[in-house]
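The values are calculated or read from the model by the stated rules, or taken from the named source; none is laboratory data. Being a predicted model, the structure only gives us computed values, none of them experimental. We place every Cβ from the backbone using ideal geometry, glycine too, and count neighbours over all the protein chains shown. These area figures cover heavy atoms from the full protein model, side chains too; ligands, DNA and RNA do not enter into them. Shrake-Rupley method; radii C 1.70, N 1.55, O 1.52, S 1.80 Å.
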Amino acid sequence: MSPSSSYSKPGEGHFLVAKSDDIVFVQVVGLGTMNNSIGFQQFIVNLEEKERRKFIFDLSLCDGFDSTFMGILLGISREAKLVVLVNTLEDHSRILGEVGIDKFVQLCDSPLELPEIELQRLESSAVSQNERQRVVLNAHENLVQLDSRNKEKFGQFVDLLRGELGEETPL
């Protein structure tokens, strides 16, 4: 039984968060995907003074993540003072390295206990299809702008989303 199986259903996931004056703790439980990253993005947008905050992501209960989560993570790394991913597995590091995010965040694969803090489960509020597509588009544009290799992986998807949103401008 994987550690996350007692916290989330197979194929699903959620985020647990806590914030202090200058640190935001995030625990990814199960999968970090387009489905739950929208609520996480809403949480990030509503944070004040992101540029002086440090973000600590605990991946000890993370089964994996998709490109939307990675694009949002990249966006955070561009605004925040520091982004550290702790308790990363070899697969996490490999996937982040394949898209180039490992150059913008610090990875720590050594076991690390978070301080005793009360984490709150993020619940996604209802968003329109248009809002969802905009978050997904922005996340993938982040990835494509990061590395030319990502244009091969995600360029057609970005173009498709732009077309659906009436934004025909190619990257």
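Any chance you could count how many residues in segment 68-109 are more than 27 Å from E152 (Cα to Cα) and either touching a strand residue (DSSP E or B) at 6+ places or on another chain (Cβ under 8 Å) or hydrophobic (A, V, I, L, M, F, W, C) (or both)? Write out each step before concluding.
Residues of segment 68-109 that are more than 27 Å from E152 (Cα to Cα), as a first pass: 80-82, 84, 86-87, 108-109.
If we keep only those that are either touching a strand residue (DSSP E or B) at 6+ places or on another chain (Cβ under 8 Å) or hydrophobic (A, V, I, L, M, F, W, C) (or both) as well, we get 80-82, 84, 86-87, 108.
Looking only at that region, the number is 7.
Which of the residues belonging to segment 106-128 are part of a loop (DSSP other than H, G, I, E, B), open to solvent by less than 100 Å² (accessible area, probe 1.4 Å) and either in contact (Cβ under 8 Å) with a residue 40 or more places away in the chain or farther than 30 Å from E164 by Cβ (or both)? Before the answer, list the steps.
First, pick out the residues of segment 106-128 that are part of a loop (DSSP other than H, G, I, E, B): 109-119, 122-128.
From what is left, the residues that are open to solvent by less than 100 Å² (accessible area, probe 1.4 Å) are 110, 112, 114-115, 117, 119, 122, 124-125, 127-128.
Scanning segment 106-128 gives S110, L112, L114, P115, I117, L119, L122, S124, S125, V127.
Out of the residues in segment 43-68 that are touching a residue at least 60 places away in the same chain (Cβ under 8 Å) and open to solvent by less than 50 Å² (accessible area, probe 1.4 Å), which is farthest from the chain's Cα centre (by Cα)?
Filtering segment 43-68 for residues touching a residue at least 60 places away in the same chain (Cβ under 8 Å) gives 43, 63, 67-68.
Add one more test, that the residue is open to solvent by less than 50 Å² (accessible area, probe 1.4 Å), and what stays is 43, 67-68.
Numbers: F43: 12, S67: 8, T68: 7 Å.
The extreme case among them is F43.
When you scan segment 63-90, how many residues do you find that are closer than 20 Å to V144 by Cβ and assigned to a helix (DSSP H, G or I)?
First, pick out the residues of segment 63-90 that are closer than 20 Å to V144 by Cβ: 65-79, 83.
When the remaining residues are screened for being assigned to a helix (DSSP H, G or I), the result is 67-79.
Residues that pass the stated criteria total 13.
Any residue in segment 134-150 that is within 24 Å of G30 (Cα to Cα), open to solvent by 70 Å² or more (accessible area, probe 1.4 Å) and outside any helix (DSSP H, G or I)?
For segment 134-150, residues within 24 Å of G30 (Cα to Cα), open to solvent by 70 Å² or more (accessible area, probe 1.4 Å) and outside any helix (DSSP H, G or I): absent.
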